[in-house]
Amino acid sequence: MKSFSISPQSPASPEAFETLDALLDICFGPGRLTRTAERLREDNQRIADYDRMAFNDEGTLVGAISFWPVMIEETPGLLLGPLAVHPDMQGIGVGQALMQNALAEINAERFAFTVLVGDLPYYEKAGFAPAPKNVCLPGPVDPARLLLRPSSDAHAADCARLAGMVRRAPELC
Ligand SMILES: CC(C)(COP(=O)(O)OP(=O)(O)OC[C@H]1O[C@@H](n2cnc3c(N)ncnc32)[C@H](O)[C@@H]1OP(=O)(O)O)[C@@H](O)C(=O)NCCC(=O)NCCS
């Protein structure tokens, strides 16, 4: 039985970043940096408080998730991603655990929503739904895969009215 642990930590050294990059290459393939969501990560800064890493029993990195500050007009939020789990460890709950662990800590007063590009059947388990139709990214994205989650019930009505381009917001770090 494979087991894992989730740690609220960020890569802390160049070697740790290389290990994370290698995992992302395995999970997404070499084209990962050409994706539209990547446009929101470049020249941006991850919110280290919400970084999570998953390790197997040997202490090897097997999964990771990160979040990046963005804005839709004047509303601050987060971009989720990448979320990646090593193929050898997929299907045992690592991805959902990484996501739930981080989402539970999001400061709703600071970030009203989380947006991502992904498959609804997977992410709706964590409270994501299709983004309002006038929300868009700075590049081509299948609208059915642009998903959004209000950070609290109190933000739900405002989030339903969101409209405009998601843009990077490193000033929110
Ligand atoms: C998508 C990914 C993060 C899921 O991680 P995981 O640890 O395998 O997921 P979990 O174990 O938490 O959940 C597994 C369940 O989700 C389902 N699932 C996995 N990927 C899915 C997808 N893309 N769409 C719908 N369901 C999916 C599995 O079928 C499984 O369902 P079950 O519980 O009914 O058997 C992982 O497969 C991965 O890294 N894939 C490559 C990179 C990627 O596509 N990342 C997401 C885009 S940002």
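The number of residues in the stretch 4-41 that are farther than 19 Å from A102 by Cα, modelled with pLDDT of 95 or more and not in a helix (DSSP H, G or I) comes to 1.
For F55, the requirement of being of a type in the set (F, W, Y), more than 9 Å from the ligand (Cβ to nearest atom), at negative phi and in a loop (DSSP other than H, G, I, E, B) is not met. Applying the condition of being more than 23 Å from V85 (Cβ to Cβ) and surrounded by 21 or more Cβ atoms within 10 Å (Cβ to Cβ) to the stretch 113-134 and asking which residue is farthest from the ligand (Cβ to nearest atom) yields F113.
Residue by residue, here is whether (1) under 17 Å from T36 (Cβ atoms); (2) among the polar types (S, T, N, Q); (3) more than 14 Å from the ligand (Cβ to nearest atom); (4) not in a helix (DSSP H, G or I) holds:
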residue: I92; (1), (2), (3), (4): no, no, no, yes
residue: A97; (1), (2), (3), (4): no, no, no, no
residue: Q100; (1), (2), (3), (4): no, yes, no, no
residue: A108; (1), (2), (3), (4): no, no, yes, yes
residue: F111; (1), (2), (3), (4): no, no, yes, yes
residue: P138; (1), (2), (3), (4): yes, no, yes, yes
residue: A144; (1), (2), (3), (4): yes, no, no, no
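Going through (1) at pLDDT 95 or above; (2) farther than 21 Å from Y50 by Cβ one by one, R168 falls short only on (2). Here the stretch 136-155 is the region considered, the condition is being in contact with a strand residue (DSSP E or B) (Cβ under 7 Å, 6 or more places away or on another chain) and surrounded by fewer than 20 Cβ atoms within 10 Å (Cβ to Cβ), and the residue that is farthest from R41 (Cα to Cα) is H155. For the stretch 1-27, the set of residues classified as in contact with a Pro (Cβ under 8 Å, 6 or more places away or on another chain) and either free of Cβ contacts under 8 Å to residues at least 24 places away in the same chain or surrounded by 14 or more Cβ atoms within 10 Å (Cβ to Cβ) (or both) consists of F17, T19, L20, L24, C27, listed by residue number.
Within the stretch 22-41, does at least one residue satisfy the condition of being among the aromatic types (F, W, Y) and within 15 Å of the ligand (Cβ to nearest atom)? Looking through the stretch 22-41, at least one residue is among the aromatic types (F, W, Y) and within 15 Å of the ligand (Cβ to nearest atom).
None of A97, A102 is touching a residue at least 40 places away in the same chain (Cβ under 8 Å), touching a Lys or Arg at 6+ places or on another chain (Cβ under 6 Å) and under 24 Å from M53 (Cα atoms) except A102.
The values are calculated or read from the model by the stated rules, or taken from the named source; none is laboratory data. All values derive from a computational prediction rather than experimental measurement. With ideal geometry, Cβ positions are generated from the backbone for all residues, glycine too; neighbour counts draw on all protein chains shown.
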